[in-house]
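To start, the structure under review is shown below, and the notes come after it.
The values are calculated or read from the model by the stated rules, or taken from the named source; none is laboratory data. Please read these numbers as outputs of a predicted model, since none were measured by experiment. Using ideal geometry, Cβ is built from the backbone for each residue, glycine included, and neighbour counts are taken over all protein chains shown. For the accessible areas, the whole protein counts, side chains as well, though only heavy atoms, and no ligand, DNA or RNA atoms are used. Shrake-Rupley method; radii C 1.70, N 1.55, O 1.52, S 1.80 Å.
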Amino acid sequence: TEENMASLHSLTETVESVDGISEAHSLANARGIDGGPEGLDLSPLYVPDKTFDAERLQKRVQENPLFQGRLLSEDGKTALIMAKMAATENIDAVRDDVLKRLSTAVESTGLPVHTAGMGVIYSALNRLSLEDSTVFIAASNLLIFVVLGLLFRRIVPVLITLAVIGVASLWLMGLYGAAGKSTNMVTMVLPTLMLIIGVADCVHFLGHASKPVEGMEREQRVREGLAFMFWPCLINSLTTAAGFASLAAAPMPVVRDLGLFAAIGVIGAFIASLIGCSIGLLWEKAEPAPKGRVSVKRGVSQLAKIAGKSPKKVLLGGLFLLLFSGLGMTKLQVDTYSIGFLKESHPVHQDSEAIEEHFGPYTPLEFLVELPGDLESDTTPEVLRAVADWQDAMEEESAVGWTRSYVDALRRLEQVWTDNQATSYRLPEDDSKLFQLMLGYDPSGNPGLPKMLSENQDELRVTVGIPMGTAQEFKATIERLSGLAELPADTSPQATGYLPLYVKMMEAVVESQLSSFGLAFFVIFVMLAILFRSLRLAALAVPANLLPVLMILGIMGLSGIALDVATVTISAVVLGLVVDDTTQFLYRFKHELDQSGDMDVAVQRAVQGAGEALATTTVVLSLGFLVLTLTAVKSIAYFGLLCAIALVVALLGDLLILPAMMLFFRPKL
């Protein structure tokens, strides 16, 4: 109807007028390719303020394969507007503003519009990241305040801890902003990471310095307590920083940013904790109340008894968990489904499904076919016919909604100049006639269609509409559709545009995981060997620290959680976190062994002496990571949940498996 075309025309102009949108294509600004009484008719389908002929318009649209199913749904009830964002080097920085202006402009028309595309998805994820960051910080502070209050039973040490990690977090995010970085769905966890990691140092410093020592004045006790915890806390910070810093070797900048700034933040948190706790402990009220940790002591004592009495059974249990993890890891998938990060109730998710339901596959997959010469070359007709056959083969695929290229316009010209029948929609067999068609149509004169030839007319663009999918699905589709092309020698379709880049990003996920974890593993355990001057102790620490990492990967495989851009960092991060408990335990063990000279006594005292602080920090850190499950971005929620599980497994590994290994193998130290 004239009303609908006028609305579509107005909406198309509104979209194209938005700052940051370079062009928009729809039926309202498209030119037809028709045969009229006076010859070829390339007039616009719709011209405002001119006599409107609904019957003629409907005929022009329905007869032209360039429109039906491409700019208009097969049932004629849904129109598509393709908006192209202006090319810019800082697209990630300006995308949100462009889409915000676009949304405001579209809403002003009052028309029912669904908006979709990869840019829309990323904008929604970044917006959620910013909103969730505020929620995480508030929720983490509140949770840690409550948990530390229950553990310390005094308000002053709680306030000191929150002040220390608050300063460290503000310093880190200020540095992050000064470096010109913006928050995204990966780096959004930085403030929360700093919050929960910074707590651990404060718990160790405050807890150990407040333990009463018979015959020792408070000032000396505090000073020696801080000195005793300095080295293990420093090594903890260095190993955790090493775990994060290993991510700097990742090929994806967003992962490198997380690793680099998290490593810097961990060291900053250690310095802030040392200074803050040292100043705070000048007052006796800064010491946690001893009676607040009776239940923790009781649980740790039970673990010490189990490890001491049944080391073989403990090791068999650990072996079973390793086998379970290995089974799960065989099912682990490396894939990313960006729109799947959003809940199904999210408007972007619903809009995408609505477009696919009412219009069909809309995600554009771009191919470039290089012409051997230029458009006027003698070999061009052979390439064009091969492209036509390739498009026909692709459209027979169930995963393809439509294809579009310069060849379509030539086939439409042949159809119009012949008899306008469906069987005439083809390229002529005669090369000279095909060249005449090429001379008779200028693709740059049709603003309703995307650019289909390069500036030098030596590359042909073929666009394919496919369903929104995962990276692996896109990869399989690209390979399958490329394989359908039977082009002349020295000519092949090159997948280009965003989707091949998206696939390469996901392939980089595997590289990131292997390189970052391997580097973190090597650096961390070299540091442990140097600290304790013992390769045997470092070797004994390996199983207890590998178990949480392998358990997490196994759980991901069995539960169907894919290794994606958000969870790719998990192995290196978990390793950097869980080794902290190992460092504390081994440091206490070496101290007790030097004092007693007895392996059994040293193991029991180490579990009981270090276990209390380890259990406390595990509870706090696990609850802190569980705060991330509040996010609307699924992968970040998985990241928080898996890290919490890993910390609990790590605690059991250090208080059960590591002592059991020492008592079973009894290494010479």
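Per residue, how much accessible area does the stretch 185-271 show when a 1.4 Å probe rolls over the protein heavy atoms, in square angstrom?
Averaged over the residues of the stretch 185-271, the accessible area is 31 Å².
Using a ≥ b ≥ c from the Cα gyration tensor of the stretch 1-116 (square roots of the eigenvalues), is it rounded, prolate or oblate, where a/c under 1.5 gives rounded and otherwise the larger of a/b and b/c decides, a/b for prolate?
Here the stretch 1-116 falls in the prolate category.
Projected onto the charge dipole of the stretch 357-462 (+1 at Lys/Arg Cβ, -1 at Asp/Glu Cβ, origin at the Cα centre), which of PHE367, LEU460, SER405 gives the Cα projection farthest towards the positive end?
Result: SER405, furthest along the dipole toward the positive end.
Out of the trypsin sites (Lys or Arg not before Pro) in the stretch 573-669, which ones are loop residues according to DSSP with at most 14 other C-beta atoms within 10 Å?
Here the sparse-neighbourhood loop sites are LYS668.
Report in % the part of the accessible area of the stretch 74-161 that belongs to carbon and sulfur, leaving out ligands and nucleic acids; probe 1.4 Å.
Solvent-exposed carbon and sulfur of the stretch 74-161 make up 61 percent of the total.
What does the accessible area of ILE552 come to, in Å² to the nearest 10, when a probe of 1.4 Å is used?
0 Å²
Could you give the accessible area per residue of the stretch 352-395, probe 1.4 Å, as a whole number in Å²?
Ligands and nucleic acids excluded, the result is 42 Å² per residue.
Would you work out the charge dipole size for the chain about its Cα centre, treating the Cβ of every Lys and Arg as +1 and the Cβ of every Asp and Glu as -1, and quote it to the nearest 20 debye?
Dipole magnitude for the chain comes out near 5500 debye.
Please return the longest range in the chain lying between exposed loop sites, taking GluC sites (Glu not before Pro), DSSP loop only, at most 14 other beta-carbon atoms within 10 Å, and leaving the sites out.
Between the exposed loop sites, the longest stretch runs 487-669.
Count charges around PRO48 for me, please; just the other residues with Cβ under 13 Å from its Cβ, Lys/Arg as +1, Asp/Glu as -1.
Combined, the nearby Lys, Arg, Asp and Glu give -3.
So which of LYS305/LYS590; LYS84/LYS451; LYS181/LYS343; LYS84/LYS181 end up more than 21 Å apart, counting from Cα to Cα?
Where the Cα-Cα span goes over 21 Å, the pairs concerned are LYS181/LYS343; LYS84/LYS181.
Mind checking the full-extension length gain between GLN333 and ARG56? Use 0.36 nm per residue of separation minus the Cα-Cα distance, one decimal, nm.
This chain segment gains 94.4 nm when fully extended.
Using only helices, what value at 222 nm comes out for the chain when you add -39,500 (n - 2.57) per DSSP H run of length 4 or more and divide by the total residues, to the nearest 500 deg cm²/dmol?
-21500 deg cm²/dmol
Do any trypsin sites (Lys or Arg not before Pro) in the stretch 60-159 lie in a DSSP loop with no more than 15 other beta carbon atoms within 10 Å, and if so, which?
LYS77, ARG153
Largest first and to the nearest Å, give the Cα extent of the chain along each principal axis.
So the extents along the principal axes, rounded to whole Å, are 112, 50, 36.
For the stretch 306-378, what class follows from the C-alpha gyration tensor (a ≥ b ≥ c being the square roots of its eigenvalues): rounded when a/c is under 1.5, otherwise prolate if a/b is larger than b/c, else oblate?
oblate
In square angstrom, rounded to the nearest 10, how much accessible surface does LEU42 have for a 1.4 Å probe?
Looks like 60 Å² after rounding.
Heavy-atom accessible area per residue, the stretch 523-575, 1.4 Å probe: how many Å²?
Computed with neighbouring chains in place, this is 29 Å² per residue.
Expressed as a whole percentage, what fraction of the accessible surface of the stretch 546-605 belongs to carbon and sulfur atoms when a 1.4 Å probe is rolled over the protein heavy atoms?
47 percent
With all distinct Cα pairs included, what does the Kirkwood hydrodynamic radius of the stretch 574-669 come out to in Å, to one decimal, could you say?
14.2 Å is the Kirkwood radius here.
DSSP loop (so not H, G, I, E, B), at most 16 other Cβ within 10 Å: list which trypsin sites (Lys or Arg not before Pro) in the stretch 357-439 pass both filters.
Those satisfying the criteria are ARG426.
For the stretch 455-532, what % of the accessible area comes from carbon and sulfur atoms, probe 1.4 Å?
C and S fraction of accessible area: 57 percent.
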